[in-house]
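Data first, discussion second: the structure below is written as structure tokens.
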Amino acid sequence: MDKKTPLYDLHVHLGGKMVPFAGYLLPVQYASGVIAEHNAVRTRCGLFDVSHMGEVLFTGHGAFDALQALLTNDFTGMEEGRVRYSPMCNENGGVVDDLVVCKVNDQKYLLVVNAANKDKDVAWFKQHAKGDVTVEDVSDQYAQLALQGPKAPDILAKVAHSDALPTKYYTFHDNVEVASIHCLVSRTGYTGEIGYEIYCRPDDAIALMQALLDAGEEFGLIPCGLGARDTLRLEAGMPLYGHEMNDDISPLETSLGLFVKMDKTNFIGKQALIQRGVPRVTRVGLEVTDRGIVREHCIVYSGDREIGVTTSGTHCPFINKAVAMALINKEAAALDQVLHVDVRGRKLTVKVVPLPFYKRLKT
């Protein structure tokens, strides 16, 4: 049976259309609709319930060493209050999951993992974490809200002291009072916009969400669902586990080499990545130049030759274009290369374009 997040009743009250996702009942959209929610995040602000995400605590003198061995990124020199993204590989070089690590101190790290992979990840951590480290699934201790969009700092400043909030991207502050509720506030997100991910106790979630909605009313803040979350991350060119990566696809094949530090002494999957050699496929952006929309799992062609498969695709509202991401042979991945995608027996013309499809202007 699907679980309910602590915010379920509020979603229903606000008119959320509830659907099963990753073992939870979550709003896919509200009455405003996916397009309005998407554009609100790009131009004003949106509020998402992401309490389904998993949180795992690594504690002990060996916590750092365990992370170094488990994850592909390098955590050497990471300062307290920083957040770092990393894939996690299996012995064959495929991706077990991708996640973020929040460093509380030298002996305490909070990992945030994908909801659908949480149980798999915890089992993997406990099986492979060696030394003086304790791995604890603390997901039930947290609810999480994502406040995303250019007005997010203004909204949050109404219910929290500005000097208590993180200002740099991929940093966090713990024990922040937001609307008199103790929270961990992280300057992160999955939309391509400025924003925050705010963690609180489950019992405080409804009060926190309502306080943020009230504070944001004058700025045009609206609640947003899974539909807009997916179109936003695709428009921003962000990979999603189960689409652009999985247990067989390596992080190097899906253009995440920046987060794979091959000069580390060792990590699970390093030797397999070496043995795989230079990747022959890469992740690309495709813009549909025909009439039609490309979805995932469509075959990509160069002429009559199969060269890959789409991994995500839709019409993105803010850029007003049908786009997709795909894993294709490197030799066909040059920008402006004209390709075709088979959509239910009809070959649509596409061209290779840079990722991300959308990038916010920094001010």
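Side notes on the structure shown:
- The charge dipole of the chain, taken about the Cα centre with unit charges on the Cβ atoms of Lys, Arg (+1) and Asp, Glu (-1), comes to about 1080 debye, rounded to the nearest 20.
- Listed peptides 262-268, 100-106, 85-91 by packing density, highest first (mean Cβ within 10 Å): 85-91, 100-106, 262-268
- Of Asp342, Asp121, Asp304, the one that fluctuates the most in a GNM where the chain has Cα springs shorter than 10 Å: Asp304
- Förster radius 35 Å - calculated FRET efficiency between Arg201 and Glu79, Cβ distance, rounded to 0.05: 0.85
- Translational diffusion of segment 265-311, µm² s⁻¹ [Kirkwood Rh, Cα pairs; Stokes-Einstein; 25 °C; 0.890 mPa s]: 180 µm²/s
- FRET efficiency for the Asn320 to Lys158 pair, using the beta carbon distance and R₀ = 41 Å, is estimated at 0.80.
- Three-way shape label, segment 31-171, alpha-carbon gyration tensor, a/c 1.5: prolate
- Segment Arg360..Ala334, full-extension length gain: 7.0 nm, with 0.36 nm per residue of separation and the alpha-carbon distance subtracted.
- Cα gyration tensor shape for segment 55-138, rounded if a/c is under 1.5, else prolate or oblate: rounded
- Under a Gaussian network description of the chain, with springs only between Cα atoms under 10 Å, the residue in His173, His128, His11 that fluctuates furthest is His128.
- The chain: Cα Rg divided by the 2.2 N^0.38 Å rule of thumb: 0.99
- Chain lengthening between Glu218 and Asn266 when straightened (0.36 nm per residue, less Cα-Cα): 12.2 nm
- Full-extension gain in nm, Thr43 to His182, via 0.36 nm per residue minus C-alpha separation: 47.2 nm
Values quoted throughout were computed directly from the atomic coordinates according to the rules given, and no laboratory measurement underlies them. Because the structure is predicted, anything quoted here is derived from the model rather than measured. For neighbour counting, all protein chains shown are included, and Cβ atoms are generated from backbone atoms with ideal geometry for every residue, glycine included.
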